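The values are calculated or read from the model by the stated rules, or taken from the named source; none is laboratory data. Only a predicted model underlies this, so the values are computations on that prediction, with no experimental measurement involved. Cβ sites come from the backbone with ideal geometry, for glycine too, and all protein chains shown count toward neighbours.
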Amino acid sequence: MALLLAIFGGLLVFGTPIAIAMIAASGVVIWLEGIPLTIVAQRVFAGLQSFPLLAVPLFTLAGALMNESGISERLFGFTRALVGHIRGGLAQTAVLGNVFLAGISGSSVADTAATTRVLVPQLERNGYSRAFGAALAASGGTLGPIIPPSILMVLYAWQANVSLGALFVAGIVPGLLMAGAMAIVIAVLARIRKYPTSGSFSGRVLWTEFKRAIWALMMPVIIIVGFRLGAVTATEIAGVAALYAGLVGVFVYRTLDWRKLPSILRSTARDTAVILVIVGAASPFSWILGIEQAPQLVVSTIRAITNEPWVVLAILNVALLVAGMFMETIAIMIILVPILIPLLTALQVDLVHFGIVLLVNLVLGQLTPPVGVLLFVSMTIARVSLGELVREIWPFLLGLAVALAAITYLPVLSLWLPGLIGP
């Protein structure tokens, strides 16, 4: 196990892509142990042969179709009509808009890119700095994997063997809490920096924008209701979401050109491949860790330090935040979840609750350099420097850290809604 981790860490230091680093480290260890290398290929394919994983490309396709249909512009138009009249209202539009976008795409990167393209120019024209707009877009993008649907939730539910329906419902309140934390940060900054309003409130304009966005707002409702009624499985609801997105884009909004479909399918295949290559490469890696009893070692080591669940969760929060600064989100999940499940089970920590805690940690890691993917997406589109962006993003990180603490130590925030309406 020490050799496996040493090779893996060494390859990462030299800039090797994480999937290649995992598969290479596994291959070297298996070869040195005298095990046929064919086991690597067998474990890779075994790791990918899971029916729930079919939801990954389907949710990715649904998000791509909705974004290509101009959904983000309609949603931001509706949220601007709703909150634009308050001080800093245009910035609040980004947060509220990302709540709705998260219920469509389930991707932090896609939501950050859409928010940056649509709102940053508007923010700059209304007296906000471009760097602030980029920081706001990156922070708002963290809601994508927390508010259902979420590709990361699909992967966690598959790994932890928990109900994906319960996990989807569990993410709603924590996601709204994170949005509330960002809204408070904006309100404070708006008062200090004297940000402007965006006109006066108009019920007529709000109703008009609501009608323009109603079909987009219905998508998360369909997903949750479909699970609640037990009419469809996770994979089937992903297919329904993709079909719904296509039909709305082509026949309702009429903004989705059939000629764009090949490029949409190519981007979906590329994004899906990135995820599943990591999943497949992690399978032999996790197999070796299992053989070497890494989960049992982690359990015994941490329980020798403490048996208090709140202390263990604090340790895991710090470890996950640090890991998120240096590793890709999906890779952290694929490697660590099988190791942590026995520990959490022994401490009687609810796995649905921990799934939300894990996801919040991982999305916060996307806001921290040097591997903060959301930072690089927003700074590239907004054309600002990393230094400018980091200076503007720390208040949002502070607010989100407070939300993380509440989500970690108040399990009711994650478990109340699933208990109320069922999975």
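So the values come out like this:
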quantity	calculated
Members of region 93-120 that are within 12 Å of GLY63 (Cα to Cα) and among the charged types (D, E, K, R)	ASP111
Some residue of region 239-248 being in a helix (DSSP H, G or I), out of contact with any Asp or Glu (no Cβ under 7 Å at 6 or more places or on another chain) and modelled with pLDDT under 80	yes
Hits in region 184-212 - residues which are of a type in the set (Gly, Ala, Ser) and buried (at least 19 other Cβ atoms within 10 Å of the Cβ)	ALA190, SER198
Selection from region 258-275 of residues that are at pLDDT 80 or above and either of a type in the set (A, V, I, L, M) or outside any helix (DSSP H, G or I) (or both)	LEU261, ILE264, LEU265, ALA269, ALA273
Among (1) touching a Gly at 6+ places or on another chain (Cβ under 9 Å); (2) modelled with pLDDT of 75 or more; (3) surrounded by fewer than 19 Cβ atoms within 10 Å (Cβ to Cβ), the one test that VAL232 misses	(2)
Filter result for PHE45 (under 24 Å from GLN293 (Cα atoms) and among the aromatic types (Phe, Trp, Tyr))	yes
Among the residues listed as LEU364, LEU375, LEU398, LEU404, the single one being under 19 Å from the mean Cα position of the chain (by Cα) and surrounded by fewer than 18 Cβ atoms within 10 Å (Cβ to Cβ)	LEU398
Matching residues in region 350-386 - criterion: being of a type in the set (Lys, Arg) and within 16 Å of PRO145 (Cβ to Cβ)	none
Inter-residue pairs, beta-carbon under 6 Å, first free of Cβ contacts under 8 Å to residues at least 60 places away in the same chain and in region 243-265, second part of a helix (DSSP H, G or I) and not aliphatic (A, V, I, L, M), 6+ apart	VAL252/TRP215
Considering residues of region 270-285 that are in contact (Cβ under 8 Å) with a residue 60 or more places away in the chain and not β-branched (Val, Ile, Thr) only, the residue farthest from ALA6 (Cα to Cα)	ASP271
Out of LEU358, LEU351, LEU321, sole residue that is of a type in the set (A, V, I, L, M) and either modelled with pLDDT under 90 or surrounded by fewer than 18 Cβ atoms within 10 Å (Cβ to Cβ) (or both)	LEU321
Elements of type helices (runs of 4 or more DSSP H) contained in region 124-202, each with 3 or more residues being of a type in the set (Val, Ile, Thr) and at pLDDT 90 or above	172-193
Condition met for ALA241 (of a type in the set (A, V, I, L, M), within 25 Å of the chain's Cα centre (by Cα) and under 26 Å from GLN42 (Cα atoms))	no
For ILE35: the one exception among (1) closer than 23 Å to ALA273 by Cα; (2) surrounded by 12 or more Cβ atoms within 10 Å (Cβ to Cβ); (3) out of contact with any helix residue (DSSP H, G or I) (no Cβ under 8 Å at 6 or more places or on another chain); (4) not aromatic (Phe, Trp, Tyr)	(1)
Residue under evaluation PHE59, criteria (1) surrounded by fewer than 22 Cβ atoms within 10 Å (Cβ to Cβ); (2) under 24 Å from VAL169 (Cβ atoms); (3) not β-branched (Val, Ile, Thr), criterion not met	(1)
Residue, nearest to the chain's Cα centre (by Cα), within region 56-88, restricted to residues that are farther than 22 Å from GLU236 by Cβ and among the aromatic types (Phe, Trp, Tyr)	PHE76
Residues (over 21 Å from THR329 (Cβ atoms) and touching a residue at least 40 places away in the same chain (Cβ under 8 Å)) located in region 96-121	LEU96, GLY97, PHE100, ARG117, VAL118, LEU119, VAL120
Cβ pairs under 6 Å, 6+ apart, first in region 122-139 and of a type in the set (Phe, Trp, Tyr), second part of a helix (DSSP H, G or I)	PHE132/GLU392
